[in-house]
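The values are calculated or read from the model by the stated rules, or taken from the named source; none is laboratory data. Note that this is a predicted model, so its numbers are computed, not measured. A quick note on method: Cβ atoms are made from the backbone with ideal geometry, for glycine too, and the neighbour counts reach across all protein chains shown.
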Amino acid sequence: MAQKIYYYPVWIRIWHATNALMFLLLIITGLSMQYGLFKIRFDYAVSIHNVSGIVLSVCYLYYFMANFITGNLKYYRIKFKGFFKRLWVQFVYYTVGIFKNQMPPFPLTIKRKFNPLQKFTYVSVMYIIVPLIIISGYAMLFPEIIYEKVLGIPGIVLTDLVHVCTGFIGSIFMIIHIYFCTIGSKPAANFKSLVNGYHQTE
Amino acid sequence: MLPKKLLCSPIAFFLAFFIAIIGISFVPAQVSEINAQKSKSDSLTGNAFCIQCHGNIYYGLKNPETGKIHRKMMSINGRIDPTVFKKSNHRSFQCTNCHSIEFKKFPHSEKALLEEIGSCIDCHSGDSIAEKYKFDLIDEDFQKSVHATKHSENFTCWMCHEAHSYKVNATTVEYDNSMCLSCHANANKYNLILNKSNPNIIEKHEWLPNQQAHLQNVRCIECHARVNDSILVAHNIQPKAKAVKLCVECHSTNSLLKQTLYKYQSRVQISRNGYFNAAILNKSYVIGANRNYYLNVASVVILLIVIGGIAIHIILRTTLKK
Ligand code: HEM
């Protein structure tokens, strides 16, 4: 019984579009600064990176608060009991079951917007990785707030290490995220959902 | 013979002994008297003599008629901090090794004031120190600099290397930049060389973002001196038009900072481990120049695994599913 669920209200769509765009800009300018890829002029790259970082953090604040207010947060809530079991089941589905045309073990419903694996990655990215990226980014924007030395290593080096590592994890997440979004009723289905707001269940 | 008899007699022996005792006790007395005299006139030999005036804020000047000692203030310019001097490279020197011996007289004579002080090369040529630091190449480099070409006679090595505090390889950015700023942020010393208004350094570097961070962590010579591979510290200060303005000169893997500021330490420390442990990071963090070898390898490997995994997934999905 096919069903249309309104999963992505306008605020999510606005947030998500801005977020994704800023993330892309940050990755491109970040790689350009660090590795000289894309041949963007260094001072331009610095400025773009700074501005999109600030926009991203405002965006994040908006997402964080709206998630509370609208109740969208309930989709992210993890029930720990048996969670790893469910993660495993979902993992096995993605690596084996999907090729055997099995049905997804956790079909999406009005109550369940994310399967366990999605839930896990979204929570870790949105509530651990992105905050770390933002905090370390601001620290480098205002280096006077960084500790001079931590365990004999200059604070700015550690901050940068955190920033580069979390930025890398974020980028890897983005690749996997986009790929998994192609796993739907049709490859483009999820992207359409994020444009018009409706999810089509199978 | 009598004398022979006398000499052999016990009396003579005692006499001789007696005279010797007196003699010995007299000689030291004489010597110490001379010493006492010497220390009165000369106790402040060597540096202490000069330091009594030049090492203090005040010095006493005796009026030869009344005998009264007048307290005078030493001008700031004439003050030499003895503790700093004692830590400098030339601490073992007498003031008068460099300065005219005429300075022993006060008031100092015109002759003393006008006597030229030798340059580094006058002492350091052919010696082991000159060899170690390549003084001849430094001099060659310096002779090509704007300072030397425009003001050759007035601008000596001493202009940057302050004679009484000079210490080689202090290698802190602050120490090195203070050399330049002693003129470029101090109109009085600048005007000693050139009687024109001193360009404001802060204004002239307004184009540089995070100016404070840069000027505190980058040496002036990094941007202003032409890199010379055969010496550790480039001395050829270029005209301003040739100064480094491109950000990527530093913010890139082959950052010029690796060739200059960190040359000394890097020589020892740069290894394939990248720069995480290298000296470059001990002082500051340079975006683009800092890369960690293991981190790079790890990220490329992870990236390849992810892309490979997705590729396999796509292939299996398209071939098996339908
Ligand atoms: C161009 C890049 C991106 C594309 C094409 C994309 C695509 C999608 C799609 C199709 C969905 C809906 C499917 C689902 O709910 O799983 C989605 C949801 C989501 N995406 Fe992305 N995404 C991108 C970048 C990002 C980035 C950079 C982040 C986080 C840093 C992110 C975080 C999320 C989150 C948290 C959701 C769930 C939102 C909710 O409904 O509460 N996405 N994305």
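Numbers at a glance
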| read-out | value |
| --- | --- |
| Index of the failed condition, A:M65 passing every other in (1) of a type outside the set (D, E, K, R); (2) closer than 21 Å to A:F173 by Cβ; (3) part of a helix (DSSP H, G or I) | (2) |
| Test set (1) over 16 Å from A:G170 (Cβ atoms); (2) assigned to a helix (DSSP H, G or I); (3) more than 14 Å from the ligand (Cβ to nearest atom) - A:Q34 fails condition number | (1) |
| Residue in region A:78-93 that is within 14 Å of the ligand (Cβ to nearest atom) and within 14 Å of chain B (Cβ to nearest Cβ) present | no |
| Selection count, region A:7-49, where residues are within 14 Å of chain B (Cβ to nearest Cβ) and of a type outside the set (A, V, I, L, M, F, W, C) | 12 |
| Any chance A:Y127 is surrounded by 14 or more Cβ atoms within 10 Å (Cβ to Cβ), within 11 Å of the ligand (Cβ to nearest atom), under 13 Å from the mean Cα position of the chain (by Cα) and of a type in the set (S, T, Y) | no |
| Out of A:T121, A:T70, sole residue that is within 13 Å of the ligand (Cβ to nearest atom), in contact (Cβ under 8 Å) with a residue 60 or more places away in the chain and of a type in the set (S, T, Y) | A:T70 |
| Filtered residues of region A:94-118 (kept if within 14 Å of the ligand (Cβ to nearest atom) and in a helix (DSSP H, G or I)) | A:Y94, A:P116, A:L117, A:Q118 |
| Extreme residue, surrounded by the fewest Cβ atoms within 10 Å (Cβ to Cβ), among residues of region A:169-179 that are touching a residue at least 60 places away in the same chain (Cβ under 8 Å) and more than 9 Å from chain B (Cβ to nearest Cβ) | A:M174 |
| Candidate set from region A:21-53 (those that are surrounded by 15 or more Cβ atoms within 10 Å (Cβ to Cβ) and of a type in the set (V, I, T)); member that is nearest to the chain's Cα centre (by Cα) | A:I27 |
| Number of the exception - A:C59 against (1) touching a residue at least 12 places away in the same chain (Cβ under 8 Å); (2) surrounded by fewer than 16 Cβ atoms within 10 Å (Cβ to Cβ) | (2) |
| Filter result (within 20 Å of B:Y133 (Cβ to Cβ), touching a residue at least 60 places away in the same chain (Cβ under 8 Å) and surrounded by fewer than 14 Cβ atoms within 10 Å (Cβ to Cβ)) within region B:205-239 | B:S230 |
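The rows are residues; the columns are (1) modelled with pLDDT of 85 or more; (2) aromatic (F, W, Y).
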residue	(1), (2)
A:L61	yes, no
A:G71	no, no
A:K79	no, no
A:W88	yes, yes
A:K111	no, no
